[in-house]
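Rule-based calculations on the coordinates, nothing more; no lab input. Being a predicted model, the structure only gives us computed values, none of them experimental. Virtual Cβ from ideal backbone geometry, glycine too; neighbours counted across all protein chains shown.
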Amino acid sequence: MSNPELVVVAPDLSDRERAGFEAITPFVHLNSQEDAVNLSAQARAAVTAMAVKFHGAVGGDQMDRFENLKTIANFGVGYDQIDVAAATARGITVTNTPDVLNDDVADLTLAMMLAVARTIVDGDAWVRSGRWATGEAMPLNRKMSGASVGIVGLGRIGQVIANRLGAFDMDIHYHSRSPKDVPYTYHADVVDLARSVDWLVIALVGGKETEGYISREVIDALGAEGVVINISRGSTVDEGALLDALEQGRIAGAGLDVFLNEPRIDPRFLALNQVVLQPHQGSATVQTRVAMGDLQRDNIAAHFAQRPLLSPVN
Ligand code: NAP
């Protein structure tokens, strides 16, 4: 029997995902990229498509191990772990799963904002601890509706976040590389944006180009009433500067779904009360994970049917 043309690298492959790939072509399922590069030379030579569902790096040296590889289908809209320039140089097309997760990521953004503003986590602990029952009054919290908010990166997800913020009557500002046809206030300079708002929502792409985009200067410009919400990638924020500012009370709080070195995040975060921490679960609903898997599968199906790929990024 000939070797499969498809490799699926996924530590957690659902039954639906497995069945979806099976309906297209026989495949090899592996838990890690390391397992993939260690396949026999014969097995690697047969591979024309790879479906990946993990956050580990996929670099040019790994691509070189698969001389006939033409498509890498990523599970997720962010593909900063894949060296796309290296893929392009080798004639490999990378696909991602855009749009199907916008709602969930935007919902979690608003949930984190409300959790920080209205101290939802503290409120829950207050009730459970019995302090409310003894008549003790919880400290007052903060109004979010009507406040000023800046979105850094008004892309697909940033736009959907803005739609939701509009329902909270927020004064919406944004920074992107160029102004868009939207009724929000544009700032060509991200420091200027931070200076103009109290809430800063980061919805940028990750990767080298945006590393440390939310710099010490941006965080300082946000000021003592400022709250940083990050649903993009840990790499977009100067994490040391953010931790310093939070510890020193130079900004008011943060809501973070993504971190450097996740899931083993900097322990300094754990001591901060005014920060809501989430385990990178922006798109992690049952419904959206199904939609992401379906789109990844459909890209793989298009590859094998020699049809145009649905969501190429290069
Ligand atoms: P998108 O539509 O491509 O939007 C990305 C934004 O990043 C755009 O506004 C773009 O600016 C900006 N950008 C790109 N390159 C830049 C650069 N070199 N300098 C400055 N700005 C740059 O992407 P999306 O679908 O909204 O997704 C955004 C990111 O969210 C993903 O890449 C992923 O990392 C993250 N994400 C996180 C989760 C989670 O679970 N927390 C889930 C899904 C996605 P322009 O407007 O100027 O082009």
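Restricting attention to the stretch 152-206, which trypsin sites (Lys or Arg not before Pro) occupy a DSSP loop and are surrounded by at most 11 other Cβ atoms within 10 Å? Write down the numbers at each step before the final one.
Values: sites: ARG156, ARG164, ARG177, LYS180, ARG195; in loops: ARG177, LYS180.
Filter output for the stretch 152-206: ARG177.
For the chain, set up a GNM with springs between Cα atoms under 10 Å and report which of ALA162, ALA45, ALA106 has the largest fluctuation.
Its mean-square fluctuation being the largest, the pick is ALA45.
For a test of understanding, tell me how many lysine pairs in the chain have Cα atoms under 29 Å apart, given they are 8 or more places apart or on different chains.
On the way: LYS53/LYS70; LYS53/LYS208; LYS70/LYS208; LYS143/LYS180; LYS180/LYS208.
Here the count comes out as 5.
What number, rounded to the nearest 500 deg cm²/dmol, is the helix-based mean residue ellipticity at 222 nm of the chain, given -39500 (n - 2.57) per DSSP H run of at least four residues and division by all its residues?
Result for the chain, helices only: -10000 deg cm²/dmol.
With springs connecting C-alpha atoms under 10 Å apart, model the chain as a Gaussian network and identify which of ARG44, ARG233, ARG16 has the largest mean-square fluctuation.
Between ARG44, ARG233, ARG16, it is ARG16 that shows the largest mean-square fluctuation.
For the stretch 184-249 and the stretch 56-119, what is the centre-to-centre distance using only Cα atoms, to the nearest Å?
Cα centroid of the stretch 184-249 versus Cα centroid of the stretch 56-119: 22 Å apart.
Just to be sure I understand the model, the point goes 7 Å from the Cα along the line to the Cβ. What's the resulting ASP181 to ALA57 distance in nm?
Roughly 4.1 nm, to one decimal.
Starting from the 7 Å offset along Cα-to-Cβ, what nm value, one decimal, do you get for the label separation of LEU277 and ALA125?
Spacing of the two 7 Å Cα→Cβ label points: 1.2 nm.
Going by amide H atoms built from the backbone, whose H comes under 5 Å of the H on ALA73, apart from near neighbours?
MET50, ALA51, VAL52, THR95
Output ³J(HN,Hα) for the stretch 76-86: one whole-Hz value per residue in order, computed from phi by the Karplus curve 6.51 cos²θ - 1.76 cosθ + 1.60 with θ = phi - 60°, and x for Gly and Pro.
Whole-Hz 3J(HN,Hα) from phi for the stretch 76-86: x, 7, x, 10, 5, 7, 9, 7, 5, 4, 5.
Between GLU209 and SER145, what is the label-to-label distance in nm when each label sits 7 Å out along the Cα-to-Cβ direction?
With each label placed 7 Å out from Cα toward Cβ, I get 3.9 nm.
What FRET efficiency, computed as 1/(1 + (r/R0)^6) with R0 = 22 Å and r the Cβ-Cβ distance, is obtained for ALA19 and ARG65, rounded to the nearest 0.05? Could the numbers behind the result be given before it?
Values: r = 28 Å, r/R0 = 1.27.
Using R0 = 22 Å, I get an efficiency of 0.20.
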